[in-house]
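J.: Handing you this structure, nothing more for now.
Computed from the coordinates by the stated procedures, all read-outs in this text should not be read as laboratory data. Predicted model only: the values in this text are computed from it and were never measured. All Cβ positions, even for glycine, are placed from backbone atoms using ideal geometry, and neighbour counts span all protein chains on display.
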Amino acid sequence: MNVVTRIAPSPTGDPHVGTAYVGLFNYAFAKRHGGRFVFRLEDTDRERYDAQSEARLLAMFDWLGITPDEGPETGGPNGPYRQSERLDTYTQHVETLLASGDAYRAFETAEELDAMRHEQKQRGLPQGYDGRGRDVPRDEQDRRAAAGEPHAIRLRTPDEGETAFLDVLRGEIRIPNSEIKDPILVKSDGYPTYHFANVVDDHAMEVTHVMRAEEWVTSTPIHVLLYRAFGWEEPRFIHLPLLRNPDENKTKISKRKLDTSVDSYRKQGILPEALLNFLATMGYSLPDGREIFTLDDLIATFDPERISLGGPVFDLRKLRHVNARYLREELPLEEIADRIEPLLREAGYAWDDEDFLLDVVDVLRPRAETLTEIVDQAGYFFLADDVYPFDDEARKKVAAGQQALEDLERSFSMLDFFDEDAVDDLLDEYVRSREIKKPAVLMPLRAALTGTTNAPSVTDLVVILGRQRVLRRIGRALSEITSALPDDKPTPEEEQQAAAEAAAKKAEEERRAAAAAAGRAAQAAARAAAGEEPSES
Ligand code: GLU
């Protein structure tokens with residue numbers, strides 16, 4: 001079978017992680033079978049239409065690397081791929097159903113429908129359209145339509161019996177026909193409804209497998225009745241489990257509880273490979289149980305029957321963990337450097353040679369879970385004039401390590417080779433000869449070189465920055481910081497704490513003195529009682 005799958009988003013708002021998720025599984029399935037993956041824009045709801053959305057959706061799929069084989073940009077044999085450009089097709093098809101009597105024109109006004117609903121409620125009757133327009137004779141329908149009377153076109157559905165369909169994951173699903181109430185196919189504004197356009201297009205675009213979110217299960221009987229009315233073969237239906245918020249009740253994923261925007265994850269420095277890998281583990285696992293795998297690995301073994309229906313939770317910690325794996329282990333250093341380059345430039349950083357960038361990314365990536373976390377930490381590598389702010393901790397460390405920094409400044413200036421081994425040896429030798437602990441040297445040096453105490457290995461820093469910058473930075477730290485903070489001036493909190501400690505000490509001394517005095521008085525009294533002379537001792 002020539003497999004054709006599709007993603008059919010509506011152009012509203014920020015591209016959603018759920019669209020990426022459904023798109024991924026459709027893509028994987030099509031590719032597994034050498035088939036085609038179609039992108040169709042379902043833009044017939046003109047009130048919710050957002051003109052930016054199409055480009056953003058396509059950009060999202062492009063970023064994720066799951067490029068449609070057919071779509072509004074790529075074209076294809078069954079286009080156009082925007083529903084708003086297919087109105088003629090829907091008109092043609094609805095004519096077929098009108099002619100066969102499977103559809104009819106319904107002329108009820110909004111007020112009349114409101115009154116109908118009101119009455120149903122009052123009388124405790126089932127809600128929904130009661131089929132009152134069905135029996136208007138066909139020629140009268142045509143006449144009123146020709147006279148321009150506003151109307152919708154509805155599907156005539158059976159009142160008795162059930163409509164059944166097979167869901168690949170859920171088995172047979174049956175819905176009583178009494179619950180399907182002549183749904184609208186074409187609205188009075190001339191635009192088709194979701195149900196109608198969706199079925200006409202899935203057929204026209206030769207879709208063999210409709211894989212979509214669980215929330216469409218209840219719409220499927222309407223679609224099935226439409227396929228039957230046209231005499232078309234039904235596709236196979238696969239309803240994917242809804243992604244869930246990581247809350248107690250595992251509610252349906254929502255913007256209010258979780259960031260659902262793919263763009264936002266991109267901006268936070270999540271890698272597309274990691275997002276795809278993470279999404280692929282939502283209700284799915286590879287046959288060998290691997291947690292980290294590529295899109296190609298997924299495609300090679302993808303089998304929708306392995307999808308599990310237990311609500312998969314969108315756990316941000318797991319996403320960050322998977323991202324860190326890609327950042328540190330799965331993708332080559334050069335690749336990460338390429339992706340981070342624009343972000344560093346955006347942050348205003350510049351560098352001369354590419355090796356420097358590779359070195360920086362190499363030491364920072366074990367310390368970050370996202371690309372932006374690398375950028376956030378990278379500042380001290382890129383300051384052309386070596387001027388950067390010192391945080392409080394760093395100020396103190398520099399002040400405390402003044403002597404060591406002066407000594408190292410001299411030693412670094414005389415070092416023959418400025419490489420990792422030489423710098424390591426120099427630092428080891430220094431702490432040995434002075435009989436001091438290594439952190440007493442490393443902490444002030446790290447602080448002097450970066451303005452912070454949260455930075456990677458000192459040896460890495462020294463080697464990457466290079467001799468000139470190291471000397472410049474130590475010199476600047478010594479002159480500026482130590483002169484500004486001659487006595488390692490305490491912070492207000494420290495002053496407060498010292499005052500509290502002094503007060504406590506004083507109180508303790510007073511308590512001891514009072515206790516001693518009381519003891520002495522008691523002894524004197526005892527001696528007096530025994531007839532002894534008071535003693536001064
Ligand atoms: N336009 C629908 C949506 O926005 C498509 C649902 C389907 O795949 O049938 O999700």
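J.: Counting only the backbone N, which residues of region 196-222 are under 18 Å from the spot 7 Å out from the Cα of Asn2 toward its beta-carbon?
T.: 201-210
J.: Kirkwood Rh, region 135-277, all Cα pairs: how many Å?
T.: When all Cα pairs of region 135-277 are included, the Kirkwood radius is 18.4 Å.
J.: Taking amide hydrogens as modeled 1.01 Å from N in the peptide plane, which residues meet the under 5 Å criterion relative to Leu240, leaving out close sequence neighbours?
T.: The list, which skips near neighbours in sequence, is Arg212, Ala213, Glu214.
J.: While we're on this one: Starting from the Cα gyration tensor of region 199-239, take the square roots of the eigenvalues, sort them a ≥ b ≥ c, and report rounded, prolate or oblate (rounded when a/c is under 1.5, otherwise prolate if a/b is larger than b/c, else oblate).
T.: Oblate shape, in that a/c is at least 1.5 and b/c is the bigger or equal ratio.
J.: How much mean residue ellipticity at 222 nm does the chain get from its helices, if each DSSP H run of length 4 or more adds -39500 (n - 2.57) and you divide by all residues, to the nearest 500 deg cm²/dmol?
T.: Calculated from helices alone, the mean residue ellipticity at 222 nm is -15000 deg cm²/dmol.
J.: Would you work out the charge dipole size for region 170-216 about its Cα centre, treating the Cβ of every Lys and Arg as +1 and the Cβ of every Asp and Glu as -1, and quote it to the nearest 20 debye? Intermediate results must be reported in sequence, preceding the final value.
T.: Numbers: 5 positive and 9 negative charges, 24 e Å.
Here the size comes out at about 120 debye.
J.: Now for a separate question. Considering the Cα trace of region 92-146, what is its radius of gyration and what is Dmax, both in angstroms?
T.: Values for region 92-146 (Cα only, Rg and Dmax): 13.5, 40 Å.
J.: Taking square-rooted eigenvalues a ≥ b ≥ c of the alpha carbon gyration tensor, is region 329-484 rounded, prolate or oblate, where a/c under 1.5 means rounded and, failing that, a/b exceeding b/c means prolate?
T.: Judged from the Cα gyration tensor, region 329-484 comes out prolate (a/c at least 1.5, a/b above b/c).
J.: Calculated FRET efficiency, Asp376 and Asp352, Cβ-Cβ r, R0 30 Å, to nearest 0.05?
T.: Details: r = 22 Å, r/R0 = 0.75.
Efficiency, from the Cβ-Cβ distance: 0.85.
J.: Moving on to the next point. For region 1-96, report the convex hull volume of the alpha-carbon atoms normalised per residue, in Å³, without decimals. If you can, show how the numbers build up before the last one.
T.: Details: hull volume 10.4 nm³, N = 96.
Here the figure is 108 Å³ per residue.
J.: Can you give the net charge of the other residues whose Cβ lies under 9 Å from the Cβ of Asn177, counting K and R as +1 and D and E as -1? Present the calculation step by step, with values, prior to reporting the outcome.
T.: Working: positive: none; negative: Asp159, Glu160, Glu162, Glu179.
With Lys, Arg at +1 and Asp, Glu at -1, the neighbours total -4.
J.: Quick one: Karplus J couplings for region 420-426, per residue in order, coefficients 6.51, -1.76, 1.60, θ = phi - 60°, nearest Hz, x for Gly and Pro?
T.: 4, 4, 5, 5, 4, 4, 4
J.: Write down Rg/Rh for region 50-103, rounded to two decimals, with Rg from the C-alpha atoms and Rh from the Kirkwood relation over Cα pairs.
T.: 1.17
J.: Quick one: go through region 40-74 and flag any residue whose amide nitrogen is under 16 Å from the point 7 Å out along the Cα-to-Cβ line of Ala204.
T.: 40-45, 70-73
J.: Arrange Glu162, Glu111 by Cβ neighbour counts within 10 Å, fewest through most, would you?
T.: Glu111, Glu162
J.: While we're on this one: Inverting the mean 1/r over all pairs of different Cα atoms, compute the Kirkwood radius of region 272-334 and quote it in Å. Show your work: numbers first, answer last.
T.: On the way: mean 1/r = 0.0813 Å⁻¹.
Across region 272-334, the inverse of the average 1/r is 12.3 Å.
J.: A follow-up question, please. With both bridge residues required to lie in the chain, what share of the DSSP beta bridges run antiparallel, to the nearest 5%? Before the final figure, lay out each step's value.
T.: Numbers: 16 of 29 bridges.
Among the beta bridges of the chain, antiparallel pairing accounts for roughly 55 percent.
J.: While we're looking at this one, here's another question. For the chain, what are Rg and Dmax over the alpha carbons, in angstrom?
T.: For the chain, the Cα-based Rg and Dmax read 36.9, 136 Å.
J.: Where the centroid of each part is defined by its Cα atoms, how far is region 1-65 from region 339-378 in Å?
T.: 32 Å
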